[in-house]
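A short write-up of the structure that comes next.
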Amino acid sequence: MHNSGTYAICEIMYNAKAFAALTETSPLAAFNFQRRDPGAHDVQIQILYCGICHTDVHIARNEWKGTTYPCVPGHEIVGRVVKVGAHVKKFKEGDLAGVGCMVDSCRTCENCKQDLEQFCSVGPTFTYNAPDKVSGGLTYGGYSNSVVVDEAFTLQIPKHLNLAATAPLLCAGITTYSPLRHYQVGKGQKVGVVGLGGLGHMGVKLAKAFGAHVVVFTTSANKVPDARRLGADEVVLSTNLDEMKKQANTFHFILDTVAAQHDINAYLALLKRDGTLSQVGVPAEPLSVHVSSLIFGRKNFTGSLIGGIKETQEMLNFCGENNIVSDIEIIPIQKINEAYDRLVKSDVKYRFVIDMASLE
Ligand SMILES: NC(=O)c1ccc[n+]([C@@H]2O[C@H](COP(=O)([O-])OP(=O)(O)OC[C@H]3O[C@@H](n4cnc5c(N)ncnc54)[C@H](OP(=O)(O)O)[C@@H]3O)[C@@H](O)[C@H]2O)c1
Ligand SMILES: [Zn+2]
Ligand SMILES: [Zn+2]
C-alpha cells in the first residue's frame with residue numbers, strides 16, 4: 001500500500017467472481033474482476049448470501065440515471081470472514097459478518113460524527129456503483145463471491161438467526177427500523193405500511209415488535225392472508241376506495257415503501273392531525289403532493305435513507321433478541337434476471353436472496 005493524494009491506492013489484488021449488468025438493457029451476466037487484498041483495517045468476507053433489493057433493479061437498469069457500467073449490485077451481504085488486516089479488532093477469521101449499503105464515508109463531518117454516515121456531507125461511499133476511494137475505479141457489490149470492507153463499516157451478525165434470512169436486514173431491515181425509531185413508533189399508535197414487498201414486510205414485523213397497531217396497505221389481494229401472518233392487525237386493499245375512506249384521519253405514522261408512481265395524497269388523507277408520512281420507496285418519477293393534503297391537519301411529509309452503522313448494528317441486535325428475520329425465497333444467481341422481472345411485478349414473498357454457492 002502507498003498513499004496517492006488523499007487516497008491509499010492498493011496494489012495487491014485478487015480475483016473475484018460476480019454477476020454484473022453491462023448496460024442498462026442487457027441481462028445480468030457472469031463477470032470477473034479484482035478486489036483489493038485486505039488492508040490493515042479491512043476484513044475479507046466470503047459472501048454466502050446476498051438479498052435482492054428493488055434499488056438493485058433501479059440502478060442496474062439505470063432508472064435513476066447515473067449508473068456506471070459494469071455494475072455489480074447487491075447491498076444485503078452476509079458471509080464469513082476469511083482474512084483480517086493487522087489492526088482489525090471486531091472480527092477474526094471464521095466470524096460471521098455483514099455489509100449493508102455503505103462501505104465508507106468521510107468520518108469527520110458533523111453527520112458522520114453523529115453516527116449518521118448515510119448523510120455524510122461529502123457523500124458516503126455506497127457499496128456499489130460509487131467511486132472506490134481505496135482501490136480506485138468503482139465499488140462492486142454483493143452479487144459476488146467475496147468483498148473487502150473496512151471493519152468500521154462491517155456489521156456483526158447474531159449467530160442463532162437463519163443466515164440467509166438475515167441478509168435482507170442489512171438494507172430492508174435498517175431502512176424501515178430507522179424511521180420507525182426516529183419517529184418513536186410504539187404502543188398506542190396506529191401505523192400504516194404501504195406496499196408489502198421487501199421493505200414493507202420488514203416494516204410490519206418491526207412496527208409490530210415496537211408495539212404499534214399495524215395496518216398494511218397492499219395492491220395485491222393475494223398478499224392479504226400473509227400480511228396478517230406477518231403481524232398486521234388490519235389489511236386494506238388500497239384499490240378499494242371505500243376501504244381507504246374508512247381509514248381517513250386515523251394514523252399517527254405511515255411508512256410508504258412503494259417503488260412506483262402512486263397517489264401520495266390518498267395516504268396523506270389518512271394521517272391524523274400532526275401525523276407523519278415517511279417516504280422510503282423511491283419511484284423514478286416525482287410524486288405529486290397537493291399542498292391542501294398537508295395544510296389541513298398540519299401534516300408532515302418526509303423521507304428516510306437507510307440508517308447509520310451504529311443504528312444498523314442496534315437493529316441487528318434487536319432482531320437477534322426478538323428473532324426477527326426476513327421471509328425469503330432463495331435463488332441461485334443464474335435466476336437473477338427472472339427474479340428482477342418478478343420483483344417489478346410485485347411477485348416476491350418477500351425477499352429474494354441469492355445463494356452465493358451457486359456462483360462457484
Ligand atoms: N430510502 C431508502 O433508504 C431505501 C432503501 C432501500 C430501498 N429503497 C427503495 O424502496 C422501494 C421499495 O423497495 P423494496 O425492495 O421493498 O421493493 P419491493 O419488494 O418491490 O416492494 C415494493 C412494493 O410496493 C408495492 N407496489 C409496487 N408497485 C406499485 C404500484 N404501481 N402501486 C402501488 N404499490 C406498488 C408492492 O406491494 P403490494 O403488492 O403490497 O402493493 C411491492 O411489493 C424501492 O424504490 C427501493 O429503491 C429505499
Ligand atoms: Zn436496498
Ligand atoms: Zn461525513
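Just so you know, all these numbers are worked out from the coordinates, no wet-lab data involved. Computed from a predicted model, the values in this text were never measured in an experiment. Cβ sites come from the backbone with ideal geometry, for glycine too, and all protein chains shown count toward neighbours.
Quick look at the values:
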read-out	value
Within the chain: Cβ-based charge dipole about Cα centre, in debye rounded to nearest 20 (Lys, Arg +1; Asp, Glu -1)	760 debye
Fully extended contour minus Cα-Cα distance, from L287 to N323, at 0.36 nm per residue	9.4 nm
Separation between Cα centres of the range 192-261 and the range 41-91, rounded to whole Å	29 Å
Euclidean distance of C-alpha centroids, the range 13-31 and the range 150-181, integer Å	25 Å
The chain, relative contact order [Cα under 8 Å, separation at least 6], %	17 percent
Loop-resident sites, the range 26-95, for trypsin sites (Lys or Arg not before Pro), counting at most 13 other Cβ within 10 Å (DSSP)	K65, K89, K92
Packing-based exposure ordering (other Cβ within 10 Å, fewest first) of I254, I331	I331, I254
Entries of K65/K245; K92/K208; K190/K345; K113/K345 with Cα pairs more than 32 Å apart	K65/K245; K92/K208; K113/K345
CD proxy at 222 nm, helix term only [per DSSP H run n ≥ 4: -39500 (n - 2.57); per residue of the chain; nearest 500]	-6000 deg cm²/dmol
Stretchable slack from T68 to N162, in nm (0.36 nm times residue separation minus alpha-carbon distance)	30.5 nm
Given charges at Cβ of Lys, Arg, Asp, Glu: the chain dipole, positive-most of N15, N62, P158	P158
Beta bridge orientation in the chain: antiparallel %, DSSP, nearest 5	55 percent
Size of electric dipole in the range 172-303: Cβ of Lys, Arg +1 and of Asp, Glu -1, about Cα centre, debye, nearest 20	460 debye
Relative contact order for the range 172-303, counting Cα pairs under 8 Å that sit 6 or more residues apart, in percent	21 percent
Average Cα contact separation per residue, the range 252-360, under 8 Å, 6 or more apart, as relative contact order %	21 percent
